[in-house]
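Student: Got a structure for you, written out below as structure tokens; questions coming shortly.
The values are calculated or read from the model by the stated rules, or taken from the named source; none is laboratory data. As the structure is a prediction and not an experimental result, all values here were calculated from the model. Note: ideal-geometry Cβ built from the backbone for every residue, glycine included; neighbour counts use all protein chains shown.
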Amino acid sequence: MSETSDNPDDNKMPLLAHLIELRNRLMYSIAALLVCFVGCYFFAEDIFGFLVKPLAIAYGDQQGARLIYTGLTETFFTYVKIALWAGFCVAFPIIASQVYMFVAPGLYKHEKKAFLPFLVATPVLFFAGAALVYYLIFPLAWHFFLSFQTSGAETNLPIQLEAKVSEYLSLVMGFIFAFGLSFQLPVVLTLLARIGLVNSKMLSSKRKYAFLAILCVAAVITPPDVMSQLALTIPVYLLYEVSILTTKLIERDRAAREAAEEAEYGS
């Protein structure tokens with residue numbers, strides 16, 4: 001591929017060339033995903049073991065603890081989902097780099113510098129949210145749900161959990177995606193600030209509404225106990241405060257750039 005200029009006007013291509021470039025980037029991304037998917041499938045059982053560890057710890061020494069499957073193909077497709085999910089996580093840097101290489105020729109130099117931090121911050125924040133739910137929320141949640149088991153003294157017959165493999169995976173992945181996406185708040189707000197839809201003054205004045213909204217979301221996607229809700233609310237609200245700071249930096253950088261352009265054109 002030919003060298004690209006820092007000025008996007010010098011990198012204009014005909015529509016057919018754009019479509020060919022898009023096709024190539026999609027092919028590289030799909031190929032990376034397929035390779036990582038196949039590689040992760042061989043470790044799907046180990047990955048599932050990692051995901052089920054918090055439940056095993058919550059069970060403790062309870063006799064007869066197990067996961068079950070009721071469909072002949074249920075466990076197989078569960079491992080396929082795990083491999084696809086893990087493969088996407090592994091392939092994400094490659095996919096993100098292909099996205100960047102496709103859009104970079106149409107960006108100015110300062111826009112390229114602004115775009116790169118988002119590529120780094122997105123997976124870092126997602127994995128931070130995933131780590132929070134795995135190491136803090138899962139132990140609290142699983143202990144809460146297991147507390148509904150009874151020995152039969154109160155209910156005449158014992159109530160025992162026999163979780164399905166596929167249902168457990170769906171629950172775990174749902175929690176992980178919910179927390180990972182919640183941690184993307186700074187990325188979303190910073191992008192909105194870049195295109196001028198929000199500003200630091202607006203975000204600062206809406207703090208109490210933001211806190212209430214975060215608390216409501218936490219109440220919906222976490223187990224119904226205060227500790228789990230606070231474990232999501234506090235970090236996400238702190239990320240909201242970080243978003244205000246990054247928005248102020250964007251505004252300061254924009255003002256400095258506009259002042260420099262005015263000085264250049266005025267001279």
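Student: Of all residues in segment 48-98, how many are touching a helix residue (DSSP H, G or I) at 6+ places or on another chain (Cβ under 6 Å) and β-branched (Val, Ile, Thr)?
Tutor: Of the residues in segment 48-98, 6 are touching a helix residue (DSSP H, G or I) at 6+ places or on another chain (Cβ under 6 Å) and β-branched (Val, Ile, Thr).
Student: Show the residue pairs meeting these rules: Cβ distance below 7 Å; 6+ apart or different chains; first residue within segment 56-85 and closer than 17 Å to PRO158 by Cβ; second residue assigned to a loop (DSSP other than H, G, I, E, B).
Tutor: These pairs meet every condition: TYR59/ALA65; ARG66/GLU162; ILE68/GLU162.
Student: Is it fair to say ILE57 is of a type in the set (A, V, I, L, M), under 27 Å from ILE137 (Cβ atoms) and modelled with pLDDT under 95?
Tutor: yes
Student: Please indicate, with yes or no, whether at least one residue in segment 176-193 is surrounded by fewer than 11 Cβ atoms within 10 Å (Cβ to Cβ) and free of Cβ contacts under 8 Å to residues at least 24 places away in the same chain.
Tutor: no
Student: I would also like to ask the following. Tell me the residue from PHE177, PHE118, PHE126 that is of a type in the set (Phe, Trp, Tyr), touching a helix residue (DSSP H, G or I) at 6+ places or on another chain (Cβ under 8 Å) and closer than 20 Å to LEU230 by Cα, please.
Tutor: Among PHE177, PHE118, PHE126, only PHE126 is of a type in the set (Phe, Trp, Tyr), touching a helix residue (DSSP H, G or I) at 6+ places or on another chain (Cβ under 8 Å) and closer than 20 Å to LEU230 by Cα.
Student: Does any residue of segment 130-137 turn out to be surrounded by fewer than 15 Cβ atoms within 10 Å (Cβ to Cβ), under 17 Å from the mean Cα position of the chain (by Cα), without any contact (Cβ under 8 Å) to a residue 60 or more places away in the chain and more than 29 Å from THR73 (Cα to Cα)?
Tutor: yes
Student: Between residues in segment 24-45 that are not assigned by TED's automatic domain parsing to the domain that holds LEU169 and residues that are crowded, with 18+ Cβ neighbours inside 10 Å and among the hydroxyl-bearing types (Ser, Thr, Tyr), which pairs lie under 9 Å by C-beta distance while being six or more apart or on different chains?
Tutor: Close Cβ pairs (under 9 Å, with a partner that is crowded, with 18+ Cβ neighbours inside 10 Å and among the hydroxyl-bearing types (Ser, Thr, Tyr)) do not exist here.
Student: Restricting the search to segment 15-68, which residues are part of a loop (DSSP other than H, G, I, E, B) and exposed (fewer than 15 other Cβ atoms within 10 Å of the Cβ)?
Tutor: Across segment 15-68, the qualifying residues are PHE42, GLY60, ASP61, GLN62, GLN63, GLY64, ARG66.
Student: Sticking with this one: Quick one: what pairs do we get from segment 150-166, first residue surrounded by 10 or more Cβ atoms within 10 Å (Cβ to Cβ), second of a type in the set (Phe, Trp, Tyr), C-beta under 6 Å, 6+ apart or different chains?
Tutor: VAL165/TYR69
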